[in-house]
Every structure is written in structure tokens, then in C-alpha cells.
1. Counting just the residues of segment 38-60 that are outside any helix (DSSP H, G or I) and modelled with pLDDT under 70, which one comes out surrounded by the fewest Cβ atoms within 10 Å (Cβ to Cβ)?
2. Can you spot a residue in segment 89-109 that is of a type in the set (D, E, K, R) and touching a strand residue (DSSP E or B) at 6+ places or on another chain (Cβ under 8 Å)?
3. When the residues of segment 84-100 are filtered to those that are in contact with a helix residue (DSSP H, G or I) (Cβ under 9 Å, 6 or more places away or on another chain) and in a helix (DSSP H, G or I), which remaining residue is surrounded by the most Cβ atoms within 10 Å (Cβ to Cβ)?
4. For segment 1-26, which positions are modelled with pLDDT of 85 or more and in contact with a Leu (Cβ under 9 Å, 6 or more places away or on another chain)?
5. When residue 120 is evaluated against the numbered criteria (1) part of a loop (DSSP other than H, G, I, E, B); (2) of a type outside the set (A, V, I, L, M); (3) touching a helix residue (DSSP H, G or I) at 6+ places or on another chain (Cβ under 6 Å), which criterion, by number, is the only one it fails?
6. Out of all the residues in segment 27-35, is one or more modelled with pLDDT of 70 or more, more than 10 Å from the chain's Cα centre (by Cα), in a helix (DSSP H, G or I) and within 24 Å of residue 67 (Cα to Cα)?
7. Restricting attention to segment 101-153, which residues are at pLDDT 90 or above, more than 23 Å from residue 13 (Cβ to Cβ) and either over 16 Å from the mean Cα position of the chain (by Cα) or surrounded by fewer than 16 Cβ atoms within 10 Å (Cβ to Cβ) (or both)?
Amino acid sequence: MSTTQTPPVLAAELAQAWADIQRYHPELPDLAAPESLIGESSSACGHELSFERLLHEAVHGIAAARGVRDTSRAGRYHNRRFLAIAEELGLDHPEEPHPSSGFSLVTLTPEAKRRYRPTTERLQRALKAHSAATAGDTARSFRGPAARHGSSGGGVRVKAVCDCGRNVRVVPSVLAQAPIVCGGCGKPFRIPEVVGAAS
């Protein structure tokens, strides 16, 4: 079990990369659970963990901070409000929206690549080390049921809450592997029961 735990160095690099984004965008909330991003990897938004993916998640963080609804269809379709914030953060979507995922497949602009080059390189080294460490355990790491964006085979994120009211979006199977603890109150995030929800 301990062999599949998130290496502290990768979690620390994710937190540092997030802090680097916050330097340019102070309204971005703190990253409560870096390990949720590692566990979800390609099961959300159709691509593996990278700085580009982290910036994508930061768009959702700023949208939440502003009270902007940036997705629909259980979080799969990324609308023009998502795209507007993505552009603020240095992401671009040159094509028309994807029929099922909208403007989710954003890419770094050249200026964002320059701005975040040291961050990207540091994170890439940590991700390579993590991949090498987990290469023998592909069944439990980066399993990626969504070979393309929009597939929700086990990768749909739900809201998990802690005692102080903060929340994160997480794949339930990731939360089941180990507790994700809130940095504010020190209590684990949990998925609230929804009355009348279909199972």
C-alpha cells in the first residue's frame, strides 16, 4: 500500500507550481489536495497531469472563487465563461468547441510558456520521477479510463467537503484510497450524501 502513496516531492512540486500561479493571480484559492490531481490524472479532462493541466484546474479555482459556473453536463462541458478565465491565465483554444467537452482542451500560449518555464521544468522532473517510481504499478496509477475527453468511465469528479466548509472536486475512487486532509481545519474531506441521488 505504501508503494502507491504520493511521493512527498511530487505533492510539494504541485503545491509550489500552484503557488507560482497564485503570484500572478492572487484570487486563486489555495490548493487543498495536490494528491487528488495526481490520482485523477487522465481520468479528468482527457490528459495526463502536467503544468498545462494544473493551469486548467486553476481556471476552475478562479471560477469558483468568482462564483462563475464554468461547466455543465456534470463538469464535462467547459463553456465560454471557462474560456474567458482560461485566456486570463495564459491558455488558448484556437478551434471551435468540442461537442461534448466544449473549451476544455486548452493549451499554453507562447507568453505563458515563457512566464512559467522554470515552474514547468521543475514539475516535469518531478512527474518523470513519479512515473518511473510507479511504472511497475500501472493498474493503480494513471489508469486513465478516459482515453478521450468527455468519457466519464469512473472519472467523474464530485464535491467533497470538510468541517470548515471548504470543498474540492475529486473522483470518489481516489478519496476511497486514502483520506485527503484539509489544510485549513485538518479534517478529512468527505463526499456528502445526496438525498435521492441515483447510484
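The values are calculated or read from the model by the stated rules, or taken from the named source; none is laboratory data. No experiment lies behind these values; they were computed from the predicted model shown. Note that we place each Cβ from the backbone using ideal geometry, even for glycine, and neighbour counts take in every protein chain shown.
1. Among them, the one singled out is 48.
2. To start, the set of residues in segment 89-109 that are of a type in the set (D, E, K, R) comprises 92, 95-96.
Checking the rest, the ones that are also touching a strand residue (DSSP E or B) at 6+ places or on another chain (Cβ under 8 Å) come to 92.
The answer is yes; a qualifying residue exists.
3. To start, the set of residues in segment 84-100 that are in contact with a helix residue (DSSP H, G or I) (Cβ under 9 Å, 6 or more places away or on another chain) comprises 85-86, 88-93, 97.
With in a helix (DSSP H, G or I) added as a condition, the list becomes 85-86, 88.
Numbers: 85: 20, 86: 27, 88: 12.
Going through the qualifying residues, I end up with 86.
4. Within segment 1-26, 13, 14, 15, 16, 17, 18, 19, 21, 22, 24, 25 meet the criteria.
5. Single failed check for residue 120: (1).
6. No.
7. Passing the criteria: 102, 110.
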